[in-house]
Amino acid sequence: MKRIIIIVGLLLSVQSVFGQDQLLNMAREYMRNSEYDKASETFKQLLQYQPKNEEVVSGYYKSLLELEKFDEAEKFVQKRIKKNKSNRDNYLLLASLYKKQKESKKLKKAIAKYTAGIGQNEQKVKATAWKLVRKGFLEEAVDLYEYGKKKNKENKYIFAEELAVLYAKTGRQEEATESLLDLYVADSRKAESIKSSFQEMFTVEGASDKLRKKVLKRSSKDPDNLQYYDLLSWIYIQQDDYTNAYRQIKSIDVRMKEKGRRVLAFARTALREKKYDAALKSYEYIMSQGNTERFYKAAASERLTTLKNQLLAKPNYSKSDVQLVADKYKTFLDSNTAFKLTESSREYADLLARYLDDPAGAIASLQVVVDAPRARKQLKGRAKLDMGDYQLLRGSIWESTLLYSQVDKAFKQDLLGEEAQFRNAKLSFYNGDFTWSQAQLDILKASTSELISNDAIDLSVLITENNPIKDSNDTPLKMYAKADLLVYQHKYAEAYVLLDSIASEYPKHPLGDNLLMARAKISLQKQEYNNAAKYLQKIVDKHAKDVLADDALYQLAKLYEVNFNNATEAQRLYEKLILDYPGSTFAERARKNYRRLRGDSL
């Protein structure tokens, strides 16, 4: 009763702006609550005062349709058309009615009147089509765009974006692809978003091959359009075909006389994706342009990085193989002294210290970086961290902690400082000072770097699980920490003695999985892959519920994939990791590798 009184009051005061606003809010609420009869009456009352208000007209009309008062709705619109024939929106209202009644002939006629007189004006076509889409007339919007395209023959790529979207929405995949290709050629600024659209299509089997064939066909008809070559190279990269991608990129580079600019970008992508052969070909092509060209030295430097990464990715390599690459670094750095203050120096030092047993030479090389006034601060900090690592290799623990502490102090609010802090915490672990190490690790667990955080958590768990009570016997953990340091220093025979001692003296100690992992690490570093697989398998079988089980499973899968060339077993192991350890930090990598081995398009 109270509500009726309010409505009557509003009706009496509806001539006021305030009263009309209140009534409109009431009508909106009726529509939201699906009270269409009340909404219809309220909107009808408002029409007397706001006959041109689009919301009021649309609201009244919608309420009539919902009440299935089709005759009344049609009369309402026809009356509006007679009053104002220039307002074409009324024909759109009529079309909505005929669509609801499934009156296809009348619908077609109403749409024809709505779109009449649009002509070939681009902006008018877009505005009219946008209203059609908004009202749910997708096919009709497509027809309008196609008509507009036909009328604008001088611009064959007009409405490409709009048509691509509508074709996709209406399930016309072939037309959508063609329209996206039109847009790719018409507007290079949209290249990346178009590639994203194509990537979504690649989830359908064979889609990338279909697209490649379409682009090849187009490029043969329009050989001077280099954008097709650029798109082809991208498609080949998606298909993991870096050889053909390189050919396309090189072709553009030659025709555009870019002297390697585009090829350098591709080479870096290939290097990042570990496609070393394609990267080397690219760098060598750039270098063939001549040593006075702009990109020569960058290519020469990054080619060395590629050679190093390619060598270390091989299942087996000899010391002489490493020496060969190290000599190339030395020759390059000696003849291009400016590069001594770049990452090339760190890469060269890494080869000397870790693979050629020359930490002293590595430290001397990095000292040049640290002493150079012009060297970047970040590079100096990383060089000092490396020097700390190499001092540790030599057994100079005091020098090592001094260098780590210098970096920690200089980069307090930086991830580099956190890396130095973690190294010092690890050093304390090696020394058996578990309390101080744990205190540092507790801070580092909250690091914004996932890598540092995970490393800190792993070491913290190792200390906690194997030395849980302060007054308990910490001798086994101290022995293990010392063995871990010996492994780091490549003193494998001494490490084995300590690991055997722990196993024999403390057979029931929870370090069992760690002892096996340490043996596996030694075997991997000595390239004894069968032994490594044996130890990792023992962790998987006997320590399935321990912390290192998922790590061991992932490493075992990688061994089968890379070193034993057994994709079937690798795939089985990746799947086991995904199913048995879904929360593992290795799960996402395992899932990606599993899908790749299965042949999925990634």
With 24 Å as the limit, write out which pairs from Lys131/Lys151; Lys328/Lys592; Lys308/Lys409 have Cα-Cα distances beyond it, or answer none. Lys328/Lys592; Lys308/Lys409
On C-alpha positions alone, give me the angle between the axis of helix 549-558 and the longest principal axis of the chain, in degrees, nearest 10. 90
Summed side-chain charge close to Ala372 - residues other than Ala372 whose Cβ falls under 9 Å, Lys, Arg +1, Asp, Glu -1: +2
Give, as a single signed number, the net charge of other residues whose beta carbon lies under 15 Å from the beta carbon of Glu68, with Lys and Arg counted +1 and Asp and Glu -1. 0
Where does the Debye-calculated log10 I(q)/I(0) of the stretch 448-527 sit at q = 0.15, 0.24 Å⁻¹, using only Cα point scatterers of equal weight, no solvent? -0.56, -1.18
Calculated from DSSP helices alone, with each H run of at least 4 adding -39500 (n - 2.57) and the total divided by the residues of the chain, [θ]222 nm to the nearest 500 comes to -23500 deg cm²/dmol
Give, in nm to one decimal, the length gained when the segment between Gln173 and Asp21 is fully stretched (0.36 nm per residue of separation minus the Cα-Cα distance). 50.1 nm
Net charge over other residues, Cβ less than 11 angstrom from the Cβ of Ala186 (K, R count +1; D, E count -1): 0
Take the Cα atoms of the stretch 332-475, build their convex hull, and give its volume per residue in Å³. 118
FRET efficiency for Gln50 and Lys151, Cβ-Cβ distance as r, R0 = 35 Å, nearest 0.05? 0.40
Scattering profile of the chain at q = 0.06, 0.10, 0.12 Å⁻¹ [log10 I(q)/I(0), Debye over alpha-carbon scatterers]: -0.58, -0.99, -1.23
Partner aspartates and glutamates whose C-alpha sits under 20 Å from that of Lys545, ignoring same-chain residues fewer than 8 away, are Asp455, Asp458, Glu465, Asp513, Glu575, Asp580, Glu588
What lysines does Lys210 reach when the alpha-carbon gap must be under 22 Å and sequence neighbours fewer than 8 apart in one chain are set aside? Lys169, Lys190, Lys195, Lys221
Exactly which trypsin sites (Lys or Arg not before Pro) in the stretch 143-238 are in a DSSP loop and have at most 11 other Cβ atoms within 10 Å? Lys153, Lys156
Long pairs among Lys75/Lys126; Lys109/Lys135; Lys340/Lys426; Lys297/Lys330; Lys75/Lys135, criterion Cα-Cα beyond 18 Å: Lys75/Lys126; Lys340/Lys426; Lys75/Lys135
Roughly speaking, what is the stretch gain from Val461 to Ala364, that is 0.36 nm per residue apart minus the C-alpha to C-alpha distance, in nm to one decimal? 31.3 nm
Find, among the GluC sites (Glu not before Pro) in the stretch 142-250, those assigned to loop by DSSP (not H, G, I, E, B) with at most 13 other beta-carbon atoms within 10 angstrom. Glu154, Glu205
In µm²/s, what is D for the stretch 511-598 at 20 °C and 1.002 mPa s, where D = kT/(6 pi eta Rh) by Stokes-Einstein and Rh is the Kirkwood radius from Cα pairs? 169
For the stretch 339-412, state which trypsin sites (Lys or Arg not before Pro) are in a DSSP loop and have at most 15 other beta carbons lying within 10 Å of their beta carbon. Arg374, Arg376, Lys412
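All of the numbers you see were taken from the coordinates with simple rules; none came from a lab. Fair warning: this is a prediction, and the values are worked out from it, not measured in the lab. Positions of Cβ are generated from backbone atoms using ideal geometry, with glycine treated the same way; all protein chains shown enter the neighbour counts.
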